[in-house]
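Report on one structure; see the data block that follows.
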Amino acid sequence: MFSGIIAALGQITCITPRDDGAGTVRLTIDAGRLALDDVNLGDSIACNGVCLTVVDRRDNSFCVDVSPESLACTVGLAAPGPVNLEKALRLADRLGGHLVSGHVDGVGEVLRFDPVGDNRLLEIRAPAALARYIARKGSITVDGVSLTTNSVDGAAFSINLIPHTLDATTLGRLQPGSRVNLEIDLIARYVERMLGAPSGEPVGSTAASS
């Protein structure tokens, strides 16, 4: 579990195909300012909002394996470049953003990235299937960053980005046409599941599956 508060900007420095016959690739990521002294093999680190497992660690870099399915359903992991990094939360950590699982729900497209004083107005079009989960003044994760929506119009929503967010994350590099990883609010996901369960039926029951 994560909070969507980016701890550091990392850099994918190497992508190596794995000899597993499945199309898996191994990413080597320079952790930048992210401290790795407490990171062990098997720990989770969110990279651009995608929860990945550390399989190797060397000085100030770490390696993760990414499946073809993850590459097909996300953006920002298929080529060398900057990535937002966040280590998994401890139970005692401060929740500065919102509850983030690191499971990307879909890929959105940037429609606008306009200056408003020192800030930026970011407008994104989400996949139609995710629109029902996005609410005005609600939480959403964009490339791993916990953000609050200003407005919602159908499948499009807008966000105000302050200078700190622009400087401390990859979002300052966006432009119209950019694609971004989206994760909907975890609470919205469970509320829908609960409301969709038949009366008196346990929510986890297979009888409640659609």
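The values are calculated or read from the model by the stated rules, or taken from the named source; none is laboratory data. Computed from a prediction, not measured in an experiment: that's the story for all the values here. Methodologically, a virtual Cβ is constructed for each residue, glycine included, from the backbone with ideal geometry; neighbour enumeration extends over all protein chains shown. What goes into the accessible areas is simple: the full protein's heavy atoms, side chains included, and nothing from ligands, DNA or RNA. Shrake-Rupley method; radii C 1.70, N 1.55, O 1.52, S 1.80 Å.
Structure data summary
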{"item": "Which listed residue, of Val142, Val203, is β-branched (Val, Ile, Thr) and modelled with pLDDT under 95", "result": "Val203"}
{"item": "Subset tally (residues that are charged (D, E, K, R) and in a strand (DSSP E or B)) for segment 159-191", "result": "2"}
{"item": "Within segment 138-155, tally of residues that are in contact with a strand residue (DSSP E or B) (Cβ under 8 Å, 6 or more places away or on another chain) and either among the hydroxyl-bearing types (Ser, Thr, Tyr) or loosely packed, with under 15 Cβ neighbours inside 10 Å (or both)", "result": "7"}
{"item": "Segment 156-165, residues that are in contact (Cβ under 8 Å) with a residue 24 or more places away in the chain and either open to solvent by less than 30 Å² (accessible area, probe 1.4 Å) or under 17 Å from Val107 (Cβ atoms) (or both)", "result": "Ala156, Phe157, Ser158, Ile159, Leu161"}
{"item": "Residue tally, condition touching a Phe, Trp or Tyr at 6+ places or on another chain (Cβ under 7 Å) and more than 21 Å from Val75 (Cβ to Cβ), over segment 150-181", "result": "1"}
{"item": "Residues of segment 16-58 satisfying the condition of being open to solvent by 10 Å² or more (accessible area, probe 1.4 Å), part of a loop (DSSP other than H, G, I, E, B) and β-branched (Val, Ile, Thr)", "result": "Thr24"}
{"item": "Meets criteria (among the acidic types (Asp, Glu) and more than 16 Å from the chain's Cα centre (by Cα)) for Glu109", "result": "no"}
